[in-house]
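The values are calculated or read from the model by the stated rules, or taken from the named source; none is laboratory data. These numbers come from a predicted model, not from an experiment. So basically every Cβ, Gly included, is an ideal-geometry build from the backbone, and we count neighbours across all protein chains shown. Surface accessibility is based on the protein's heavy atoms, side chains included, excluding ligands, DNA and RNA. Shrake-Rupley method; radii C 1.70, N 1.55, O 1.52, S 1.80 Å.
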Amino acid sequence: MRVFNQSNQSNTIGFVPTMGALHTGHLSLVEASKESNDVTVASIFVNPTQFSAGEDFDKYPRQLEMDIEMLENAGVDCVFAPSNVSDIYPSSPLCHVEPKAFLNIAEGQARPEFFRGVATIVCKLFNIVRPTNSYFGQKDISQCVLIRRMVEDLCLPINVVVRPTLRADDGLALSSRNAYLTESERKVSSVLYKALSAGVKFCEDQSQECLDTLSRDQVIDIITNIINSEPLVTRIEYVSIASHLDMTELNVISPDKSGAVVSAAIRIGSVRLIDNLLMGRSHRDIFQIVKT
Ligand code: AMP
């Protein structure tokens, strides 16, 4: 690994925060960082504060040595992997980052502790690593929107770069949690991507005039029916059509004017899967790089 001097202002630092159990989706963020920065730092930390009681914090896949090897092979210069939770949360904290409005968005209602935990840990990691550019995956679209807003709201001098979701050949979004799927569950798990794609295609097939009056319910029905056609799906937590600006639900879908994030969370057996696709303006806005 390369040694670098953080006080040398000419170094640009690219940062890829992760919870480990790495796959090629994570490595695509590393690659993007390496293309645009002098130094790339990745972190591996399974952050307890973003898990609610009863979620999978204890059984979240941990494979630190293998992850470090993957990062080294991918050309990462520095890995930050705090081994104790108390290194990051040393005492009862007085302050945290509270994105209250995100309690009301679809993913926030499904996971009430999640966004406060994410915003707080990412803010801490930003302050520890002090990156120039930080890299996030579209796969966790609400997280991307939150971090962009946090950087803007709190005047953090960091560019947030969002990269597209990497998928398996059948369309399933790569995720560390896919390891929980049994063989038969894995075979049918691309139903989520297929359903979202059908919803987006339906919108894209409409004329512009129809789109301006298209009700969200029609699109949600298309997506829900496809997901429900798969018997191994045990639950649909939500199907959402939201604004990429703040993840609030859209009543009318107008991709060129307001854009749209079409997303869903489902359970196959006990495994929770999330995925999303972007339409129109959302696509342009999410992948743009805003220089601070
Ligand atoms: P995680 O380790 O799950 O917290 O993810 C760390 C980063 O990798 C986050 O910014 C994720 O959005 C991103 N990521 C996870 N899965 C994918 C994927 N399939 N494609 C691209 N980025 C991903």
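With a 1.4 Å probe rolled over the protein heavy atoms of all chains, the accessible area of D221, D67, D58 falls in the order D58, D221, D67, largest first. Note on region 97-180: Cα-only Rg and Dmax are 13.8, 40 Å. Simple spin-label estimate for A101 and S36 gives 2.5 nm between the two label positions (7 Å along the Cα-to-Cβ direction from each Cα). Distances longer than 37 Å among the Cα atoms of the chain: what percent of all pairs is that? Of all Cα-Cα distances in the chain, 13 percent exceed 37 Å.
What whole-number distance in Å separates the alpha-carbon centres of region 53-73 and region 104-182? Taking the Cα centre of region 104-182 as reference, the centre of region 53-73 is 17 Å away. Between amide H atoms placed 1.01 Å from N, distances below 5 Å from F15 occur with V41, N133, S134, Y135, all of them 5 or more places distant or on a separate chain. For the options F80, F15, F126, a Gaussian network treatment of the chain with springs between C-alpha atoms closer than 10 Å singles out F80 as fluctuating the most. Net charge of the neighbourhood of K139, taken over other residues with C-beta under 14 Å away and scored Lys/Arg +1, Asp/Glu -1, is +1.
For D170 and L154, the difference between the fully extended length at 0.36 nm per residue and the C-alpha to C-alpha distance is 1.8 nm.
Using C-alpha pairs below 8 Å separated by at least 6 residues, the relative contact order for the chain is 17 percent.
Between M66 and T24, what length comes free when the chain is fully extended (0.36 nm per residue of separation minus the Cα-Cα distance, one decimal in nm)?
Full extension of this stretch gives 13.8 nm more.
Ranking of R186, R116 by solvent-accessible surface, largest first: R116, R186 (1.4 Å probe, protein heavy atoms only, all chains present). With a 1.4 Å probe rolled over the protein heavy atoms of all chains, the accessible area of L245, L196 falls in the order L245, L196, largest first.
Taking each residue as 0.36 nm, the span from L245 to E113 lengthens on full extension beyond its C-alpha to C-alpha distance by 45.4 nm.
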